[in-house]
1. Would you tally the residues in the range 62-98 being over 18 Å from residue 27 (Cα atoms), touching a strand residue (DSSP E or B) at 6+ places or on another chain (Cβ under 8 Å) and among the aliphatic types (A, V, I, L, M)?
2. State all residues of the range 35-47 that are within 12 Å of the chain's Cα centre (by Cα) and either farther than 13 Å from residue 118 by Cα or not in a helix (DSSP H, G or I) (or both); if no residue qualifies, say none.
Amino acid sequence: MHYWLMKSEPDVFSWDDLVAKGREEWDGVRNYQAQNNMKAMKLGDRGFFYHSNIGLAVVGILEIVREAQPDSTDETGKWIAVEVGPVEPLLRPVTLKEMKADPLLADMAIIRQSRLSVAPVRAREYRHILALAGMKA
């Protein structure tokens, strides 16, 4: 299993929106590196749902429920999307400020490439963020 971090602006699409819908196409990603990350996603991979711009925190755990297929919002046919579903909310959000201050997360993709909207997360980073949220892996 691989782990990911997927960013969304909560005033556009929030964790609560994902929970209410049950599953959703992760569309509109127009960055080649983020696209490559989504192409690498496999059914059952887990990821963090991260609120960007407002909140700046990991707030939930999601699961890849459909692998890469054409993005329904792309008229050119050039881009792909995956579908995600909610697993569970974090017991407490883990903020970007906390992650930046934590030496165990210094090499995390979100820290090194803050503008990347879909990023890999190492297994040890995933477990550590869960611990920071008061949860077990």
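The values are calculated or read from the model by the stated rules, or taken from the named source; none is laboratory data. The model shown is predicted, which means the values in this text are computed figures rather than measured ones. Glycine also receives a Cβ, built like all others from the backbone with ideal geometry; neighbour counts cover every protein chain displayed. The accessibility values were calculated without ligands, DNA or RNA, using every heavy atom of the protein model including side chains. Shrake-Rupley method; radii C 1.70, N 1.55, O 1.52, S 1.80 Å.
1. 4
2. Within the range 35-47, 41, 45, 46, 47 meet the criteria.
To keep it simple, each residue is scored yes or no on (1) surrounded by 18 or more Cβ atoms within 10 Å (Cβ to Cβ); (2) in a helix (DSSP H, G or I).
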| residue | (1), (2) |
| --- | --- |
| 6 | yes, no |
| 11 | no, no |
| 30 | no, no |
| 33 | no, yes |
| 53 | no, no |
| 60 | yes, no |
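Let's see how each residue does on (1) in a helix (DSSP H, G or I); (2) open to solvent by 30 Å² or more (accessible area, probe 1.4 Å); (3) in contact with an Asp or Glu (Cβ under 8 Å, 6 or more places away or on another chain); (4) basic (Lys, Arg):
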residue: 72; (1), (2), (3), (4): no, yes, yes, no
residue: 76; (1), (2), (3), (4): no, yes, no, no
residue: 90; (1), (2), (3), (4): no, no, no, no
residue: 94; (1), (2), (3), (4): no, no, no, no
residue: 99; (1), (2), (3), (4): yes, no, no, no
residue: 120; (1), (2), (3), (4): no, yes, no, no
residue: 128; (1), (2), (3), (4): yes, yes, yes, no
